[in-house]
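What follows is a set of notes on a single structure, which appears directly below.
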Amino acid sequence: MEKWKMLFQDKQSGNWWLRIQEKDVGYWPGSIFNKLSDRADYVSWGGEIFNSGLEGHHTSTQMGSGHFAGEGYRKASYVRNLRYVDESRTIKDADPHKLVPLVSRPECYDLQMGNLKSYDGRPISSHEIIEHTGAIKTIQDEDGDIIDCVDIYKQPAFNHPFLRNHTIQMKPSSYPSGMEAETLEAELLQDWQCPKGTIPIVRSPQHRPRRKTSRFSSSIQPDVNDGDGTHEHAQVGLLDGNYFGASGRLNVWKPATYNGEFSLAQILVLENNAYGLNIVEAGWQVYPGTNYTRLFISWTRDGYQETGCYNLECPGFVQTSKKLSLGGKIEPVSQYAGPQFELSIYIHKDKKSGNWWLRIQEIDVGYWPGSIFTKSFEKAAKLYWSGEIVNSGSQGRHTSTQMGSGHFPSEGIRNIRYVDETGAIQDAAPGNVAPLVSRPECYDLQMGNLKNYGIHFFYGGPGYSDKCL
């Protein structure tokens, strides 16, 4: 949402009038000024914060949207239609070559000049728009997300060399025994649908980072740095078994993130041996450049060294549902000491096809074809239910990026289950669940004992504090 503001001097009275959203609000009388009673010799547009330095470091107070300028439209805050009134009382566009940028602390708050153009009557930065081939229809939701409804047979998956002649499996050949219909508090997902025969793909920034090589290592070992920062976890796992799926209900939040970092909650299915490191993941995430909690999936066959990506950003995952967009917003989210919302996720191996199917909120979303992984991914050896953040340490201390609700264990992941060799869903035995917490002084975890929640745990934390440095 934008607000239009204008300041101008009334030629007859000499007063400086203020106009906001086409309404004349009032004026500063010319008589209360000295030189400004005649004209102004300096005009500026910008953002400003106050840094008290009370805690011995720079404040976490945000400017604008709280994101850096390079993240572009819908992510970074902007000021547009820069104009001034000249001596003849004519409104003129500011000359870009005469504008003088001034940034006090570019490592904290930045600025860059824009080159936006109009898209469907709405300004949007060209570098953000990824055109999806095979689009039949385009939807723009009320929050500005742009979704292409792409012909199901022209989706990115079929650019994968192993899927050139792939026949789409429209639904699982069978479901794990014990997979019951669920009662969900809220749909949480989009209130629109693409036409039959298409799948929705969210247009996403081209500059969004790929998964990094050591991303997989941080799921096994705490405190692994991938160049962008240290991945820290509060998670539980089932290790060294024969698993054919995993499920759980993830409590959904919108944690604050800073410095280009992310915060997520997920279910991760993993097989690691001499043939490769196969991983599939699904959950929710708040990542750089978005003001929303978003659904995400990810995959790799080599620990993210050369293969894998988020959502449909590279060939791999085959989507079959027209109802749900990977990378789309999840709403509503839980409120601290208020209403709680959950995301139900099932990942299971289809016995007949060998594909790994994904089911979210009672919707069969699609699958990771067995052929895109190494032959060893007939089963999984490890399962994780995890909260995760990235700590960039960019301010010389631990990040203030939150995990979960941003409070110490007070919300959680429940109904922790796996699929066994017979294709039956089993509750994880509490004694077999291995907790792992990277920095308990920053983010913690505790097993829960609530009734009717199955095997569950609580996790989260605020990040930086006098104990988390």
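When the C-alpha atoms of the range 23-88 are aligned to their principal axes, what extent does each axis show, in angstrom, from largest down?
Principal-axis extents of the range 23-88 (Cα, largest first): 44, 32, 24 Å.
Going by C-beta contacts inside 10 Å, put Tyr292, Tyr384 in order with the fewest on the left.
Fewest-to-most Cβ neighbours within 10 Å comes out as Tyr292, Tyr384.
From the backbone phi of the range 81-91, what are the Karplus-calculated ³J(HN,Hα) couplings (6.51 cos²θ - 1.76 cosθ + 1.60, θ = phi - 60°) in whole Hz, Gly and Pro given as x?
Karplus values, whole Hz, x for Gly and Pro: 6, 5, 9, 9, 9, 8, 4, 8, 6, 9, 7.
Can you give the percent of C-alpha pairs in the range 315-469 whose distance is more than 27 Å?
38 percent
Take the Cα radius of gyration of the chain and divide it by 2.2 N^0.38 Å, with N its residue count; two decimals is plenty.
1.12
PRE reach from Glu107 (point 7 Å along Cα→Cβ): which of the range 447-469 fall under 20 Å by backbone N?
464-465, 469, by backbone N distance to the label point.
Can you give the extra length, in nm with one decimal, that the chain gains between Arg39 and Ala424 once fully stretched, where that is 0.36 nm per residue apart less the Cα-Cα distance?
On the way: separation 385, 0.36 × 385 = 138.60 nm, distance 7.91 nm.
Taking 0.36 nm per residue and subtracting the Cα distance, the gain is 130.7 nm.
With r defined as the distance between the Cβ atoms of Ile32 and Asp143 and R0 fixed at 56 Å, what FRET efficiency is calculated, to the nearest 0.05? Present the calculation step by step, with values, prior to reporting the outcome.
Details: r = 42 Å, r/R0 = 0.76.
E between Ile32 and Asp143, to the nearest 0.05, is 0.85.
Only sites in a loop by DSSP and with at most 15 other Cβ atoms within 10 Å count here; which chymotrypsin sites (Phe, Trp or Tyr not before Pro) in the range 12-64 make the cut?
Phe33, Tyr42, Trp45, Phe50
What order do you get for Val269, Val433, Val100 when you list them from fewest to most C-beta neighbours inside 10 Å?
In increasing order of surrounding Cβ atoms, one gets Val100, Val433, Val269.
Going by how many other Cβ atoms sit within 10 Å of their own, how do Met179, Met113, Met403 line up, fewest first?
Working: Met179 19, Met113 9, Met403 28.
The most exposed by this proxy come first: Met113, Met179, Met403.
Take the residue pairs Lys154/Lys323; Lys196/Lys375; Lys171/Lys196; Lys322/Lys351 and return only those whose Cα atoms are more than 26 Å apart. Kindly include the intermediate steps, with their values, before the conclusion.
Details: Lys154/Lys323 17 Å; Lys196/Lys375 34 Å; Lys171/Lys196 15 Å; Lys322/Lys351 24 Å.
The answer is Lys196/Lys375.
Give the distance, in whole Å, between the Cα centre of the range 351-398 and the Cα centre of the range 33-49.
Here the two parts' Cα centres lie 55 Å apart.
Can you give the relative contact order of the range 135-460 as a percent, counting alpha carbon pairs under 8 Å and 6+ residues apart?
For the range 135-460, the relative contact order is 25 percent.
Rank Leu358, Val433, Ile267 by how far each Cα sits towards the positive end of the charge dipole of the range 135-460 (+1 on Lys, Arg Cβ; -1 on Asp, Glu Cβ) and give me just the farthest.
In the range 135-460, that residue is Leu358.
We did not get these values from a lab; they are worked out from the coordinates using the rules stated. It should be emphasised that the depicted structure is a prediction, and the values quoted were computed from it without experimental measurement. Backbone-built Cβ (ideal geometry, glycine too); neighbour counts: all protein chains shown.
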